[in-house]
Amino acid sequence: MTKTRPLSASHERRYAELVALLNKYAHEYNVLDRPSVSDAVYDSLFGELKKIEAEHPELISPDSPTQRIAARPLKKFEKWRHSARMISILDAFSDDEATAWLERIKKVDSRVAQAQFWVDVKMDGLACALHYENGQLVRAVTRGDGFTGEVVTHNVRTIKTVPLSIPEKKSLEIRGEVIMTKKNFAKFAGRYANPRNFAAGTIRQLDPRVAASRPLEFHAYDLIMGDIPTNARAYEKLSALGFVVNPQAHLEKTFAGVLDYAKKFHDQREKLPFNNDGLVVKINDRKLFDALGVVGKNPRAALAYKYPAEEATTTVRDIVISIGRTGAATPVAVFDPVVVAGTTVRHASLHNADEIARLDVRIGDTVVIYKAGDIIPQVANVLTELRPKDAKKFDYEKALSAQYPELEFERPEGEVVYRVRGETSDLILKRAVQYYASRPALNIEGLGEKNVAALVDAGLIHDISDLYTLASPVLAKLERFGTLSADNLVQAIAASKRPGLARFITGLGIRHIGTQTAVDLANHFGSLDAFLDAGLDDLLGIDGVGVVVAESIMAWLSDEDNIRLLAQLQQLGVSPQHLDLSAGRLTGQSFVITGTLMGMSRDAAAERVRSLGGTFQNAVGKNTTYLVAGGKIGASKRAAADKFGTKIIDEKEFLGLVGS
């Protein structure tokens, strides 16, 4: 039980000082990205503030940093009618359309001919209005239908770029966009289709603790205040009040300047940390803006200059499921190759079971494909009028059982993603790194089970690519390492940057891809780029690669985590090289070993066979050339050898063939 001290003037003064100072520090950190104190200093003062509030709850002010998260979830959302309509903006997709807009509004008001234009990024998020009274945030409302929205104050208060108090006592309204950056969205991949949906879904949670756990941002773009003459001045005021505004926002003195900037921005926009689809162009003079009025739901004085996402249609051939590094099961649509935004696309993530149901996408459907942000292929919609009679509805749980019969899956309550039961991210990561470094793969000495576990547990490795960023001084501080062993490991990892293509494919850990299949893939494609560009038909044309194996490869190559991993490895200098063994001494010959060889291990024997262009098999089949007897031959293997005409040889004959 907290012992309460009598309230004094000094307590009140200290409390007010702490609230103001902590809000100042939070603004420096979250908005300006220029913190003036360390986290430890902030945490210490925050602890003092909480202690005062515990002893004197009557002091708690609405703008205290402790009040960002409400104590209880809402039971339902309250409706709120906007004081001024939150309107949509007319779209233009070309210079001609934009120029036609300008000519139309010139006819309405001749002053437009001398107008200047305020230009900002068109953010892809959730529009929201923040109401402040006497300097305090009292209400946050979604756009809704433009006339009426939902009150979401409990969630918006958790956004650290939303000031809980501002240095302005007038009642005013700030409008802006709730967004999630691409980097932060990547950490939550699989729950929603895109950052905008994630932001919108988060703001509509009844429990504010959910919003508090997700790194949303609020970027302001309008200030509802009667004495602001221009949009440029509104942005200056927004910054002065402590809001984030986009640094790209600026004034263009002519419309020709607007069009010129639109061309330049096209190549810059993907470098922004958040998704966007163009520019918002407004008449800068706010009196002229208002005088031009509204047509339908669009203000005449504003234009959205959009960059159309290139679209194409294709047919869904299959839906496969990829198991990511966190154990999440992600469905992937595999379709006939189609060129979108200049590149050939063969597959796209469908994100989760709910997204498949929303799209109602079926195997055999004709779908519209686009590239989100011109980068990531997405399924926009299904052309149901072209749906064939034999189109197959996708049964998610049945597909999981069929594609991964040895695994169990669960869908945790409140989540949209199925996950492998009993598997943790760290456990999956440890297995992946250990396999990547194993002898059949990259054969990195010093990366056995215990060392891999030590690296993961120490937080030094979050995916395979982190191996190539390890430094000796950091490793030497770990319990299992000394200076010499750390140096040796770093050198061994560096030496693995130019692995054989077959070893590299093996190390990726693609389900159903063993060492021999990896060799077959390497021999067929000849380069990593060709392998990564493989289509379903390409894979099915390889001897020994059936539907199950091909689907597994397509699923792995479609997973966004895997795509990022391969890009990171390439950036770190990992460059697999293919050694063509098609003219080796054992090309066209296949070997199966039974029993134990005295002169070398089974793995060494398999490696030797493959290095000479031969094929190493696990069971005798119609294409097996030799059955190597490392002891007594079992009845079933002898029967298979007799059936297929396979020659049985002993270890001495085998060693003579492989030259060892």
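Readers should treat all values here as calculations from the given coordinates under stated rules, not as data from a laboratory. Everything quoted here is computed from the prediction, not taken from an experiment. Neighbour counts are summed over all protein chains in view; Cβ atoms, including those assigned to glycine, are modelled from backbone coordinates with ideal geometry.
Working note: Karplus 6.51/-1.76/1.60 with θ = phi - 60° gives segment 634-646 the couplings x, 4, 5, 5, 5, 5, 5, 5, 5, 4, 9, x, 7 Hz, where Gly and Pro are set to x.
What translational diffusion coefficient, in µm²/s and rounded to a whole number, does the Stokes-Einstein relation yield for segment 156-246 at 10 °C and a viscosity of 1.306 mPa s, taking the hydrodynamic radius as the Kirkwood radius over Cα pairs?
Details: Rh = 14.3 Å.
Estimated diffusion coefficient is 111 µm²/s.
Over all directions, average the projected area of the Cα convex hull of segment 590-658 and note it in nm².
Numbers: hull surface 15.9 nm².
Across all orientations, segment 590-658 yields a mean hull projection of 4.0 nm².
Full extension of the chain between GLU58 and ASP260 yields a length gain of 67.0 nm, computed as 0.36 nm times the residue separation minus the alpha carbon distance. A Stokes-Einstein calculation at 25 °C with viscosity 0.890 mPa s, built on the Kirkwood radius of segment 311-407 over Cα pairs, returns a diffusion coefficient of 178 µm²/s.
Partners of LYS50 within straight-line reach, counting aspartates and glutamates whose Cα lies under 18 Å from its Cα and excluding those fewer than 8 residues away in the same chain: GLU12, GLU17, ASP39, GLU58, ASP63.
Roughly how many debye, to the nearest 20, is the charge dipole of segment 590-658 about its Cα centre, given +1 on each Lys and Arg Cβ, -1 on each Asp and Glu Cβ, and no other charges? Walk me through the numbers on the way to the answer.
On the way: 10 positive and 6 negative charges, 42 e Å.
The calculation lands at about 200 debye.
Which FRET efficiency value, to the nearest 0.05, do you get for ALA20 and SER171 by plugging their Cβ-Cβ distance into 1/(1 + (r/R0)^6) with R0 = 25 Å? Before the final figure, lay out each step's value.
On the way: r = 21 Å, r/R0 = 0.85.
For R0 = 25 Å, the calculated efficiency reads 0.70.
Which semi-axes, in whole Å and largest first, does the equivalent ellipsoid of segment 200-256 have when worked out from the alpha carbon gyration tensor as the square roots of 5 times its eigenvalues? Walk me through the numbers on the way to the answer.
Values: eigenvalues 187, 38, 21 Å².
Here the semi-axes work out to 31, 14, 10 Å.
Give me D for segment 90-304 in µm² s⁻¹, whole number, from Stokes-Einstein with Rh from the Kirkwood sum over alpha-carbon pairs, 25 °C and 0.890 mPa s. Let's see the in-between values first.
On the way: Rh = 18.2 Å.
Using the Kirkwood radius from Cα pairs, D works out to 135 µm²/s.
Taking N as the residue count of segment 226-370, its C-alpha radius of gyration divided by 2.2 N^0.38 Å amounts to 1.48. For segment 260-268, putting each phi into the Karplus relation 6.51 cos²θ - 1.76 cosθ + 1.60 with θ = phi - 60° gives couplings of 5, 5, 4, 5, 5, 5, 3, 8, 9 Hz, in residue order, rounded to whole numbers and with x for Gly and Pro. Applying the Karplus relation 6.51 cos²θ - 1.76 cosθ + 1.60 with θ = phi - 60° to segment 570-579 yields 3J(HN,Hα) values of 5, 5, 8, x, 7, 9, x, 10, 9, 9 Hz, where x marks Gly and Pro. The modelled label-to-label distance for the pair SER36/LEU579, using points 7 Å beyond Cα in the direction of Cβ, is 6.3 nm.
Amide H contacts under 5 Å for ARG139: HIS131, restricted to partners 5 or more places along the chain or on a different chain, H placed in the peptide plane at 1.01 Å from N. Principal-axis analysis of the Cα atoms of the chain puts helix 95-108 at an angle of about 10° to the longest axis. As a proxy for reagent exposure, ranking VAL345, VAL379, VAL37 by other Cβ atoms within 10 Å from fewest up yields VAL37, VAL345, VAL379.
Counting only lysines at least 8 places from LYS450 when in the same chain, those with an alpha carbon closer than 17 Å to its own are LYS430, LYS477.
So if each residue of separation counts as 0.36 nm, and I subtract the Cα-Cα distance between LYS497 and GLU397, what length gain in nm does that give? Numbers along the way, then the final one.
Numbers: separation 100, 0.36 × 100 = 36.00 nm, distance 3.94 nm.
That works out to 32.1 nm of additional length.
Summarise the long-distance tail of P(r) for segment 467-523 by giving the % of C-alpha pairs beyond 18 Å. The proportion of pairs with Cα distances above 18 Å equals 48 percent.
May I ask for the equivalent-ellipsoid semi-axes of segment 425-571, computed as the square root of five times each C-alpha gyration tensor eigenvalue and listed largest first in whole Å?
Values: eigenvalues 185, 41, 33 Å².
Semi-axes (√(5λ), whole Å): 30, 14, 13.
Only lysine pairs 8 or more places apart, or on different chains, with alpha-carbon atoms under 17 angstrom apart are counted in segment 611-660, and they number 6.
Set the bar at 19 Å for Cα to Cα. Now go through LYS282/LYS306; LYS237/LYS271; LYS106/LYS237; LYS24/LYS237; LYS187/LYS393; LYS79/LYS169 and name every pair that lies beyond it.
Working: LYS282/LYS306 14 Å; LYS237/LYS271 27 Å; LYS106/LYS237 29 Å; LYS24/LYS237 17 Å; LYS187/LYS393 30 Å; LYS79/LYS169 25 Å.
Pairs exceeding 19 Å: LYS237/LYS271; LYS106/LYS237; LYS187/LYS393; LYS79/LYS169.
Restricting the calculation to Cα atoms, the chain shows an Rg/Rh of 1.06 when the hydrodynamic-style radius is the Kirkwood one. Residues whose amide H falls under 5 Å from that of ASP91, counting only those 5 or more places apart or on a different chain, are ALA304, with hydrogens built in the peptide plane.
Multiplying the residue separation of SER527 and LYS389 by 0.36 nm and removing their Cα-Cα distance gives an extension gain of 45.7 nm. Note on segment 269-334: Rg/Rh from Cα positions, Kirkwood definition for Rh, rounded to two decimals, is 1.27. Taking the longest Cα principal axis of the chain as reference, the axis of helix 483-495 is set at about 80 degrees.
How do the peptides 600-607, 238-245 rank, highest first, by the average count of neighbouring beta carbon atoms within 10 Å per residue?
Working: 600-607: 16.1, 238-245: 18.5.
Listed from highest to lowest mean packing, they are 238-245, 600-607.
Each peptide in 253-265, 348-360 was scored by the mean count of other Cβ atoms within 10 Å over its residues; highest first, the order is 348-360, 253-265. With N as its number of residues, segment 341-463 has a Cα radius of gyration that, divided by 2.2 N^0.38 Å, comes to 1.43. Working value for segment 498-578: equivalent-ellipsoid semi-axes of 19, 14, 11 Å, each the square root of 5 times a Cα gyration tensor eigenvalue, largest first. Three principal axis extents describe the C-alpha atoms of segment 351-412; from largest down they are 35, 33, 17 Å. Given R0 = 25 Å, the distance between the Cβ atoms of ASP426 and SER213 translates into a calculated FRET efficiency of 0.80.
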